[in-house]
Amino acid sequence: MEKKVIDVSYHQGKIDWAKVKVDGVIIRCGYGSNRADQDDKRFKENVEGCLKNGIPFGVYLYSYAKTVSAAQDEARHVIRLLKPYKGMLSYPVYYDMEEAGTEKNAIEKAKAFGDMIEAEGYWCGIYANQHWWNNYLKGLHDYTKWVARYSKEKPEGMGAYDMWQYSSKGKVDGIKGNVDMNICYRDFAIKEEPKEVAKKTNAEIAEEVLAGAWSIGVERKKRLTEAGYDYEAIQALVNQALKDEKEVKYYTVKSGDTLSKIAKEYGTTHEALAQLNGIANPNKIYVGQKIRVS
């Protein structure tokens with residue numbers, strides 16, 4: 001089974017949807033964070049055109065996220081825009097990952113976005129070119145895949161995929177200029193129950209907070225609460241971790257020091273210090289080496 005699918009944004013200008021004859025359309029809803037000025041200016045118009053003419057559609061958001069927190073905000077962007085159209089999509093919500101400079105932690109960001117989208121009952125997919133799939137998203141199989149490779153040769157190297165974007169220079173009645181062309185190999189009309197998103201433990205979320213996710217202050221409390229987590233319990237773990245970190249003490253090795261001498265000074269044993277610092281040979285320490293003593 002192969003279906004002819006196009007993807008559009010405001011760059012295609014005003015589309016005469018009555019003339020468009022395709023099996024599906026993926027419509028850009030916006031780009032970047034959850035701000036009205038980053039909504040696609042023709043999103044509503046394009047959705048209404050598809051609905052009026054019985055054309056199955058899904059949506060995509062172009063990502064600029066450099067952090068997990070930013071990816072979550074981009075998910076909120078999509079959720080806000082889709083609120084009037086919930087239950088009307090025939091294709092997934094796609095996360096477009098291709099922006100230069102956002103390659104770091106790509107899988108973590110994809111999962112952060114995807115889990116929020118699927119928790120809302122939508123079907124999430126990830127869009128990226130073949131290079132991204134093979135280098136930054138390798139091993140990600142949680143969501144349906146949409147792969148870009150402008151060639152007569154099919155994408156390769158990233159495992160199974162459900163849609164292939166093979167050209168950016170297609171021609172379709174009702175659209176002036178070029179349009180992206182895709183072959184879809186999956187019947188998304190066959191509904192599947194969205195996967196149940198496994199809820200993380202408070203300790204796991206606390207680690208994410210310490211790593212910089214979930215924002216700060218009032219905004220952190222809002223996001224954690226909306227996601228169904230116990231803010232007070234998580235914040236207590238974060239506070240304790242920060243306190244523990246401050247209480248960690250180190251000693252810098254000086255000329256003439258031995259591990260036994262340092263241990264005696266801090267009321268412990270050289271075996272304990274060796275284990276704490278991963279020192280294989282307690283008789284070998286060097287000047288300038290930092291030894292954790294508590």
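The values are calculated or read from the model by the stated rules, or taken from the named source; none is laboratory data. Fair warning: this is a prediction, and the values are worked out from it, not measured in the lab. For neighbour counting, all protein chains shown are included, and Cβ atoms are generated from backbone atoms with ideal geometry for every residue, glycine included. Accessible surface is based on the protein model in full, side chains and every heavy atom, while ligands, DNA and RNA are left aside. Shrake-Rupley method; radii C 1.70, N 1.55, O 1.52, S 1.80 Å.
Out of all DSSP beta bridges with both ends in the chain, state the antiparallel percent to the nearest 5.
Working: 14 of 40 bridges.
Of the beta bridges lying entirely in the chain, close to 35 percent run antiparallel.
Taking the Cα centre of segment 1-126 as reference, the dipole from Cβ charges on Lys and Arg (+1) and Asp and Glu (-1) amounts to some 400 debye.
Grab the other residues whose beta carbon is less than 14 angstrom from that of E2, score K and R as +1, D and E as -1, and report the net.
Details: positive: K3, K4, K154, R186; negative: D23, D162, D187.
Overall, the nearby charge balance is +1.
Compute log10 of I(q)/I(0) for the chain with the Debye formula, placing one identical point scatterer on every Cα and leaving out solvent, at q = 0.07, 0.10, 0.15 Å⁻¹, to two decimals. Debye intensities relative to I(0), on a log10 scale: -0.39, -0.65, -1.11.
Once the C-beta distance of K14 and E204 is scaled by a Förster radius of 45 Å, the resulting FRET efficiency is 0.40 to the nearest 0.05.
Size of segment 69-153 from its Cα atoms: along the principal axes, largest to smallest, the extents are 37, 31, 20 Å. Note on the chain: GNM, Cα springs under 10 Å; of N239, N277, N182, the largest mean-square fluctuation is that of N277. For a distance above 18 Å, tell me the whole-number percent of Cα pairs in segment 153-294 that qualify. In whole percent, the long-distance tail amounts to 74. 3J(HN,Hα) couplings calculated from phi for segment 79-90 with the Karplus curve 6.51 cos²θ - 1.76 cosθ + 1.60 (θ = phi - 60°) are, in sequence order, 4, 4, 5, 8, 3, x, 10, 4, x, 9, 7, 9 Hz; Gly and Pro show x.
If only the Cβ of Lys and Arg carry +1 and only the Cβ of Asp and Glu carry -1, the dipole of the chain around its Cα centre is close to 540 debye.
Helix 106-119 and the longest principal axis of the Cα set of the chain meet at an angle near 60°.
Percent antiparallel among DSSP beta bridges with both residues in segment 64-181, to the nearest 5? So the antiparallel bridges amount to about 15 percent of the total. The residues of the chain expose on average 54 square angstrom of accessible surface per residue, using a 1.4 Å probe on protein heavy atoms. Each Lys or Arg adds one and each Asp or Glu takes one away; over the other residues whose Cβ falls under 9 Å from the Cβ of C184, this sums to -1.
Can you give the Kirkwood hydrodynamic radius of segment 17-129 from its Cα pairs, in Å with one decimal?
On the way: mean 1/r = 0.0709 Å⁻¹.
So the Kirkwood estimate lands at 14.1 Å.
Placing +1 on each Lys and Arg Cβ and -1 on each Asp and Glu Cβ, with no other charges, gives segment 95-179 a dipole about its Cα centre of roughly 440 debye.
Beta bridges assigned by DSSP with both partners in segment 1-97 are antiparallel in approximately 5 percent of cases.
Comparing Q240, Q38, Q72 in a Gaussian network model of the chain where C-alpha atoms under 10 Å apart are linked, the largest mean-square fluctuation is found at Q240. Ellipsoid fit via the Cα gyration tensor, segment 82-211: semi-axes of 28, 20, 14 Å, each the root of five times an eigenvalue, largest first. Size of segment 212-294 from its Cα atoms: along the principal axes, largest to smallest, the extents are 56, 21, 20 Å.
Subtracting the Cα-Cα distance of R80 and R292 from their residue separation scaled by 0.36 nm leaves 71.4 nm.
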